[in-house]
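The values are calculated or read from the model by the stated rules, or taken from the named source; none is laboratory data. Since the model is a prediction, treat every value here as computed from it, not as a measurement. No Cβ is skipped: glycine too gets one built from the backbone with ideal geometry, and neighbour counts run over all protein chains shown. Surface accessibility is based on the protein's heavy atoms, side chains included, excluding ligands, DNA and RNA. Shrake-Rupley method; radii C 1.70, N 1.55, O 1.52, S 1.80 Å.
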Amino acid sequence: MTKRPILRFAPSPNGLLHLGHAYSALLNQAHAERAEGRLLLRMEDIDTTRCRTEYEDAICRDLSWLGLEWKEPVRRQSEHFDAYGEALRRLDEMNLIRRSVASRREIREAAAKAAATGKPWPRDPDGGPLFPGDEAILEPAEIRRRLGREPQAMRLDTAAALAHLGEAPRWHETGSGHGEEIVSDPLAWGDVVLARKETPTSYHLSVVVDDALQGISEVVRGRDLYNATAIHRLLQELLGLPVPAYHHHRLVLDPAGRKLSKSVASTSIAELRERGATPSDIRLMVGFADGGLSDLILGG
Ligand code: GLU
């Protein structure tokens, strides 16, 4: 008998859901239903300064209204910092963690200064400046002065991690409609942050710990997270965690072709509902009128 899949929808409760979230949640539900699997809900609320329980309540309200059913309890990442800390400690024991004293602002400023003098700064797949090591940004004396204090960030030594494994991890991707084996490229991210002074974990670290703890067998999420999978696969291998299959789906775009986001105040599901939209209108708006069948079969 084949095992029933376990999926999760994992929003960050730092704003209201928009059509892109609705599509992702509905596609997760369609994947779960197709194989009589289970859908879980996870609140990715590690940024305790921006996440609010009001948003969490609003998210649950919107999802129920859309017809989503998930299995309780909802996992809240802010209640599990210990689990992420333990994973970080293990990586540290393997000598794969670099403590960095340069702040985000200093890295941004160094990148801007280099760009102003005609030297383009290497960027990660999301466009963020790659971290070149404290030595490239700060004077040796300044680094020494700061070393006694709490580091600004704990970063994965990505090259050392890859060397430790011997080869780049792969993943099984079904987002294009047919299964493909993808060879990851974690070095494109440089030494990613796994914990910060103000937040004792990061998206990358908590997502792999939670996917393993919750027994997630299929990760269905937006294509904007496709490249991040390289880091997730690397962390899974280092920590000996099980490997889910991945389905990175199309993004819902606004009329100008831009990705929807909370930061540009994309119209929320709640607002559409107040204006009279029904759950089937929302399905139509995100191209899900056939219950997601075409996206399930052809890739979404
Ligand atoms: N919390 C992430 C977001 O809201 C999703 C993470 C994931 O699905 O891996 O974009």
- When Leu66 is evaluated against the numbered criteria (1) over 30 Å from Glu33 (Cβ atoms); (2) surrounded by 13 or more Cβ atoms within 10 Å (Cβ to Cβ); (3) touching a residue at least 40 places away in the same chain (Cβ under 8 Å), which criterion, by number, is the only one it fails? (1)
- Message: Can you find, within the stretch 20-38, the residue that is modelled with the lowest pLDDT among those that are surrounded by fewer than 22 Cβ atoms within 10 Å (Cβ to Cβ) and hydrophobic (A, V, I, L, M, F, W, C)?
- Response: Ala35
- Message: Here's a check for you: in the stretch 133-146, which residue that is surrounded by 15 or more Cβ atoms within 10 Å (Cβ to Cβ) and assigned to a helix (DSSP H, G or I) is nearest to the chain's Cα centre (by Cα)?
- Response: Asp134
- Scan the strands (runs of 3 or more DSSP E) fully inside the stretch 1-103 and keep the ones with 2 or more residues being within 22 Å of Val193 (Cα to Cα) and away from the ligand (no atom under 16 Å from the Cβ). 97-100
- Task: Residue by residue through the stretch 117-132, note down the ones that are over 18 Å from Thr158 (Cα atoms) and either touching a Cys at 6+ places or on another chain (Cβ under 8 Å) or open to solvent by 50 Å² or more (accessible area, probe 1.4 Å) (or both).
- Result: Thr117, Gly118, Lys119, Pro120
- Task: Scan the stretch 93-105 for residues that are open to solvent by less than 100 Å² (accessible area, probe 1.4 Å) and among the polar types (S, T, N, Q) and report the count.
- Result: 2
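Condition check: at pLDDT 90 or above and either out of contact with any helix residue (DSSP H, G or I) (no Cβ under 9 Å at 6 or more places or on another chain) or among the aromatic types (Phe, Trp, Tyr) (or both). Does Gly299 satisfy that?
Numbers: at pLDDT 90 or above: no; either out of contact with any helix residue (DSSP H, G or I) (no Cβ under 9 Å at 6 or more places or on another chain) or among the aromatic types (Phe, Trp, Tyr) (or both): yes.
In short, no.
Specify which of the listed residues (Arg149, Arg108) is without any contact (Cβ under 8 Å) to a residue 60 or more places away in the chain, part of a loop (DSSP other than H, G, I, E, B) and open to solvent by 100 Å² or more (accessible area, probe 1.4 Å).
Values: Arg108 fails: part of a loop (DSSP other than H, G, I, E, B).
It is Arg149.
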